[in-house]
1. So for each of 65-71, 39-45 I average, over its residues, the number of other beta carbons within 10 Å; can you give me the resulting order with the highest mean first?
2. Grab the Cα-Cα distance for residue 16 and residue 62, subtract it from 0.36 nm times how many residues apart they are, and report the gain in nm with one decimal.
3. So, in nm, how far is label residue 84 from label residue 32 when the simple model puts each one 7 Å beyond its Cα toward the Cβ?
4. Which of the peptides 83-90, 51-58, 13-20 is most tightly packed, and how do the rest follow, judged by the mean count of other Cβ atoms within 10 Å per residue?
């Protein structure tokens, strides 16, 4: 990762219920793409989160390029975004 990730901490209602809110080490959610252990740790927290779907949607909508959001890596989110865009295109 080059430089620190830009993190949008805009307050949204779902964030107050996020499982990661109590995680002291915010860096845990921004491991290097090659850090499979770090990614797995972050995903484990997301797996217990009651607002993971909202988090994922927000991360895709705001084009978050770094970190684990809603239990998904940047690569996984890009794939989801592509599928969403394809579905929208097919529906129109």
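No value in this document is a laboratory result; all are computed from the given coordinates. Note that the coordinates shown come from a computational prediction; the quantities given were computed from them, not determined experimentally. Ideal geometry is used to build each Cβ from the backbone, glycine not excepted, and the neighbour counts take in all protein chains shown.
1. On the way: 65-71: 20.4, 39-45: 17.0.
With the highest mean Cβ count within 10 Å placed first, the list reads 65-71, 39-45.
2. Working it through step by step, the gained length comes to 14.7 nm.
3. Reported label-point gap for residue 84 and residue 32 is 3.0 nm.
4. The peptides rank, most packed first, as 51-58, 13-20, 83-90.
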